[in-house]
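Read-outs: derived from the displayed coordinates by stated rules, not from any lab. None of these values were measured; they are calculated from a predicted model. Don't worry about glycine lacking a Cβ; one is built from the backbone with ideal geometry, like all the others, and counts go over all protein chains shown.
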Amino acid sequence: MNKTNKLIKLAILLSFAIVLSYFESLIPLPIPFPGIRLGLANSIGLIILYMGSKKDYLLFNIFKVFIMAILRNGFGTAFLIGLSGMILSVSFTLLIYKMNKASIFGLSFVGAIFHSLGQMIMVSIIYNNIYLVNYLPILITFSIITGFLTAFIAVLVINRVPDRLLRIDS
């Protein structure tokens, strides 16, 4: 695959992830806890990690955070919280992936949990309140659930969409 085709394929996947993320933010979840999202766009990130490269996965996540900031609230508090979650999530996901120690489900759990942890660290710093980490058990519980859902969707897509449409060769 030439570089142009690769770039086009990654741009399409990024666009799809941004649309998913945007529409997901419009759907209220019937749970009484703030800050909980399904993270459906993260299934596209997992697909990119498995069908592309670690670099593609990293760049996808960076672009997703910055583009969503532009489309939503700008580069304020919400951006910093999302960025910190992404940095921790991507770092640990790539570490575990490189060690070849987890399935796509394990990587999804790691990504979801560390995303929540990164966000809670940033929220605690912004509000100068360490006690906000008491919310972490609730976030981690939902991270496990959403991590499973995200991996399940990624596996369905990888197994059902022809390889030639998903493969992102370097």
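Being under 15 Å from Leu166 (Cα atoms), aliphatic (A, V, I, L, M) and out of contact with any Leu (no Cβ under 8 Å at 6 or more places or on another chain) narrows it down to one residue among Ile31, Ile8; which is it? Can you show your working first?
Values: Ile31 fails: under 15 Å from Leu166 (Cα atoms).
One residue alone meets the criteria, Ile8.
Considering (1) within 22 Å of Ser15 (Cβ to Cβ); (2) surrounded by fewer than 17 Cβ atoms within 10 Å (Cβ to Cβ); (3) touching a residue at least 12 places away in the same chain (Cβ under 8 Å), say which one Leu165 fails and leave the rest.
The number of the failed condition is (3).
Would it be correct to say that Leu166 is out of contact with any helix residue (DSSP H, G or I) (no Cβ under 7 Å at 6 or more places or on another chain) and either of a type outside the set (D, E, K, R) or more than 16 Å from Ile48 (Cβ to Cβ) (or both)? Step through it out loud before you land on a result.
Numbers: out of contact with any helix residue (DSSP H, G or I) (no Cβ under 7 Å at 6 or more places or on another chain): no; either of a type outside the set (D, E, K, R) or more than 16 Å from Ile48 (Cβ to Cβ) (or both): yes.
Criteria not met by Leu166.
Residue by residue through the stretch 83-114, note down the ones that are surrounded by 13 or more Cβ atoms within 10 Å (Cβ to Cβ), free of Cβ contacts under 8 Å to residues at least 60 places away in the same chain and over 24 Å from Leu132 (Cα atoms). Please lay out each step first, then the result.
Taking the stretch 83-114 and keeping what is surrounded by 13 or more Cβ atoms within 10 Å (Cβ to Cβ), we get 83-94, 96-97, 102, 104-114.
With free of Cβ contacts under 8 Å to residues at least 60 places away in the same chain added as a condition, the list becomes 83-94, 96-97, 102, 104-106, 109-110, 113-114.
Answer for the stretch 83-114, where residues must be surrounded by 13 or more Cβ atoms within 10 Å (Cβ to Cβ), free of Cβ contacts under 8 Å to residues at least 60 places away in the same chain and over 24 Å from Leu132 (Cα atoms): Thr93, Leu94, Ile96, Tyr97, Ala102, Ile104, Phe105, Gly106.
Of the residues that make up the stretch 61-82, is at least one under 21 Å from Tyr97 (Cβ atoms), touching a Lys or Arg at 6+ places or on another chain (Cβ under 8 Å) and buried (at least 18 other Cβ atoms within 10 Å of the Cβ)? Give the steps one after another, and end with the answer.
If we filter the stretch 61-82 for residues that are under 21 Å from Tyr97 (Cβ atoms), which is where we start, we get 61-65.
Going one step further and asking which of them are touching a Lys or Arg at 6+ places or on another chain (Cβ under 8 Å), we end up with none.
No - not one qualifying residue is present in the stretch 61-82.
Please return the ranges of helices (runs of 4 or more DSSP H) entirely within the stretch 33-132 where 1 or more residues are closer than 17 Å to Gly147 by Cα and hydrophobic (A, V, I, L, M, F, W, C). Outline the logic, then answer.
Numbers: elements: 41-51, 54-71, 77-98, 104-126.
The helices (runs of 4 or more DSSP H) meeting that bar are 41-51, 77-98, 104-126.
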